[in-house]
Amino acid sequence: MARETPVCDEDVFGSEAVRNARAVDDRLRETAPAVKISRENITLVGRYEEVSKGLQDYRTFSSRSRPWHDPSSVRPEILLVDDPPKHTRVRNVIASALTPRTLTRMASAFEADADALMRRVKEKSGEPIDAVGEITRAFVDKVLPDLLGLPKWGRENLSPFGHMVWATLGPQNELYREAMENVGPVLEWVDQCCNRENLDPQGLGMQMFIGADQGLITHDEAKLLVQVLLSAAADTTVMTMATAIRAFCLFPEQYALLRSQPELLRNAFEESLRWDSPSRMAGRITTREVELQGYRIPEGGGQPRSAQVERSRPLRHPPRPQGPRRLGLRAACLRRARARAARGRCAARGLHPPHRAVRAGRRARAVDVRDRARAGAAAGAHPSGRTLKLPATQESSACRT
Ligand code: HEM
């Protein structure tokens, strides 16, 4: 028999909720398998089992639309708004471009840039460092446009663009409006720099046009793919690295462990995603009425899932004697709900094969970021990509639990 879906009247997408995302999301997940968010008229599904099944059932939980989907928004209308077979056809072009040879070449370029950045950071030894501005954003703003083969001009627009696209994943609230400032010049740059004639022939971006030459996708789709790579790769990476630095500042014994065992770097990456995900929510649209554990979601009801709420499900995470809110590199990695479905899975997973992680882990042995990054990493990154000072309660709860 269908049960009444619990209703949440709070604003779970405003600045305050974003600052306290862990507590908000944990509460929503524990309430019920499905919770209606009345302000947005969507249903939130936050538990591993239901999210996992939903991601594999695109006929019911479709990507073709999402909560707050606006086809005329700044977000490139490709992949994230596609279901198979189009999704499969388009995604294959990215997958074919990321060959082992290409990945090895990229890894060498990343390493050279990381070494140069670390040399600069070490020169500031003893001074406070803004971990987002001086490490993670600085790194991504250099390597990402290089990876795609974008021209040198206008690269300062990269962050605002990522910030805007990220904001379209939520409601049009104050965070959205803040992100959309100066939208004209930013979009003008995106439009120009992703044109074929402006791309480096050796870059990943050009591979999309080569796919179009081979008839796998259209030339318009190729340009959209370059744009989607540009937006999908920016803030996710900036925030994931910032979160990891922040976690190491809060749990220095885990950083010491990583430095003594660089082969744990892959675990550190996965564990930092579990500990605090940069991708808090994503959405699908229900193509028919669905019943989840007796709770009804109407046709057309949004199904945002929260990546964060997946993190402390006891059945999916190995026992953590010190609790789910502590970082634990030795615990086996989380099995993310999206792992088995290509749709809903990051297209850039190949950028992190284990052998590369080990090499990068050796760099962690050489650099002790704890003291230098402490000040900057105390600021959390939020989905708009800007750094926010965390309220004392959240920080201390992370340490205490
Ligand atoms: C740590 C960094 C990253 C994280 C945590 C991350 C996470 C994700 C997630 C959760 C999705 C699925 C979204 C959904 O279906 O609603 C996704 C999709 C995607 N990501 Fe990433 N991502 C990261 C880095 C990157 C990078 C570096 C690139 C490109 C070079 C990239 C390109 C993409 C693309 C193209 C998609 C769409 C895939 C599809 O729909 O098939 N991501 N990412």
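The values are calculated or read from the model by the stated rules, or taken from the named source; none is laboratory data. Model, not experiment: these values are computed from the prediction. Note that each Cβ is placed from the backbone with ideal geometry, even for glycine, and that neighbours are counted across all protein chains shown.
Within segment 112-130, the residues that satisfy the criterion of being under 24 Å from LEU147 (Cα atoms), more than 16 Å from the ligand (Cβ to nearest atom) and surrounded by 14 or more Cβ atoms within 10 Å (Cβ to Cβ) are LEU117, MET118, VAL121.
When the residues of segment 274-288 are filtered to those that are in a loop (DSSP other than H, G, I, E, B) and in contact (Cβ under 8 Å) with a residue 40 or more places away in the chain, the one that is farthest from the ligand (Cβ to nearest atom) is ARG288.
With the condition kept exactly as written, say whether any residue in segment 195-204 is within 16 Å of the ligand (Cβ to nearest atom), touching a residue at least 40 places away in the same chain (Cβ under 8 Å) and surrounded by 21 or more Cβ atoms within 10 Å (Cβ to Cβ). Looking through segment 195-204, at least one residue is within 16 Å of the ligand (Cβ to nearest atom), touching a residue at least 40 places away in the same chain (Cβ under 8 Å) and surrounded by 21 or more Cβ atoms within 10 Å (Cβ to Cβ). Scanning segment 49-63 for residues that are buried (at least 18 other Cβ atoms within 10 Å of the Cβ) and in contact with a Leu (Cβ under 9 Å, 6 or more places away or on another chain) yields GLU50, GLY54, PHE61, SER63. Do any residues in segment 256-271 that are closer than 11 Å to GLY328 by Cα have Cβ atoms under 6 Å from those of residues that are assigned to a helix (DSSP H, G or I) and within 16 Å of the ligand (Cβ to nearest atom), where the two are at least six apart or on different chains, and which pairs are they? Here the result reads LEU258/ALA268, each pair linking segment 256-271 to a residue that is assigned to a helix (DSSP H, G or I) and within 16 Å of the ligand (Cβ to nearest atom).
Residue by residue, here is whether (1) assigned to a loop (DSSP other than H, G, I, E, B); (2) at pLDDT 95 or above; (3) not aromatic (Phe, Trp, Tyr) holds:
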| site | (1), (2), (3) |
| --- | --- |
| GLU50 | no, no, yes |
| LEU55 | no, no, yes |
| VAL81 | yes, no, yes |
| ARG91 | no, yes, yes |
| ALA95 | no, no, yes |
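Within segment 107-141, can you find the residues that are hydrophobic (A, V, I, L, M, F, W, C) and farther than 19 Å from ASP235 by Cα? Scanning segment 107-141 gives ALA107, ALA109, ALA112, ALA116, MET118, VAL121, ILE129. For the criterion of being within 15 Å of the ligand (Cβ to nearest atom) and touching a helix residue (DSSP H, G or I) at 6+ places or on another chain (Cβ under 7 Å), VAL90 passes. Sub-9 Å Cβ pairs linking a first residue in segment 39-63 that is closer than 15 Å to GLU299 by Cβ and within 15 Å of the ligand (Cβ to nearest atom) to a second residue that is in a helix (DSSP H, G or I) and among the basic types (Lys, Arg), at least 6 apart or interchain, are PHE61/LYS53, ordered by first then second residue.
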